[in-house]
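Reading through the structure tokens given below for one structure.
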Amino acid sequence: MNDASSDDLKTQLLNAAEMHVPFDGWSDATFSAAVSDCDADPFMAQALFPRGAFDLAVESHRRGDAEMLRQLASTDLSTLKIREKITHAVRLRLSTCGDRDVVRRGTTLFALPQYASTGAELIWGTADAIWTAIGDTSDDFNWYTKRFTLSGVYGATVLYWLGDDSDDGQATWAFLDRRIEDVMQFEKVKAQFRQSPFGRAMSGPLKHLSQIRAPSPDSRMPGRWNKG
């Protein structure tokens, strides 16, 4: 099977699985049903998704990220402020989620202890995708703090969105605005701290943080240390 046909089968299996997830979750039953619906070779399906429905859930999340990036690429963000770009990106990402039950089941799955690290990695990946797409060029410790903070904002917003029954999701968008405003206030406090006498006194110890660098694009390591 070539790469194109492999990708086609991945898409078919994921589409089929998402029809069953609201009823059976990301489970073995869902995986088997998707394979049957697609009349796929079970061995080939297992090769594409070795961990079965769990890998399908991961693929579903990453497909949402890819669709968000596709839409962001066709949007003129040049006139928007940073907070407006982030808000727009998060709203786009939520718009790719589709059936809330699919997302709810995924959230439940990734909350399990054995899968929590993967869930955190996926949310971090979404935050990284957003920051990169809107043109973030930070390469120091800020690279990490930006993604950590946005991961928290995005994760909290998803949970709020899952229980939101307001018209056109207005309550969710208001919640998102409040969370981003909290982040902006934190940045202001951080800037004020740096200018304070105590902040200036701490400039020496904190200088070590400036030596931390973001991961290289071609590296699988979590980051770098610049000896300066």
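Rundown of residues vs (1) assigned by TED's automatic domain parsing to the domain that holds Asp177; (2) more than 23 Å from Ser27 (Cβ to Cβ), yes/no style:
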{"site": "Pro42", "(1), (2)": "no, no"}
{"site": "Met68", "(1), (2)": "yes, yes"}
{"site": "His88", "(1), (2)": "yes, yes"}
{"site": "Leu94", "(1), (2)": "yes, yes"}
{"site": "Leu109", "(1), (2)": "yes, no"}
{"site": "Tyr115", "(1), (2)": "yes, no"}
{"site": "Thr145", "(1), (2)": "yes, yes"}
In this structure, does Met44 turn out to be more than 19 Å from Leu109 (Cβ to Cβ) and either in a helix (DSSP H, G or I) or modelled with pLDDT of 95 or more (or both)? yes
What residue, among those in the range 96-122 that are among the polar types (S, T, N, Q), part of a helix (DSSP H, G or I) and in contact (Cβ under 8 Å) with a residue 24 or more places away in the chain, is farthest from Ala156 (Cα to Cα)? Thr118
Hits in the range 123-134 - residues which are over 11 Å from the mean Cα position of the chain (by Cα) and without any contact (Cβ under 8 Å) to a residue 24 or more places away in the chain: Thr132
Long-range neighbours under 6 Å by Cβ, at least six apart or interchain, first residue at positive phi within the range 17-35, second modelled with pLDDT of 95 or more: Gly25/Arg105
List the number of the failed condition for Phe31; all other conditions in (1) crowded, with 16+ Cβ neighbours inside 10 Å; (2) under 30 Å from Ser138 (Cα atoms) hold. (2)
Consider Val90 carefully, then state whether it is among the β-branched types (Val, Ile, Thr), modelled with pLDDT of 95 or more, in a helix (DSSP H, G or I) and in contact with a Phe, Trp or Tyr (Cβ under 7 Å, 6 or more places away or on another chain). yes
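The values are calculated or read from the model by the stated rules, or taken from the named source; none is laboratory data. Not measured: the values here are computed from a predicted model. So basically every Cβ, Gly included, is an ideal-geometry build from the backbone, and we count neighbours across all protein chains shown.
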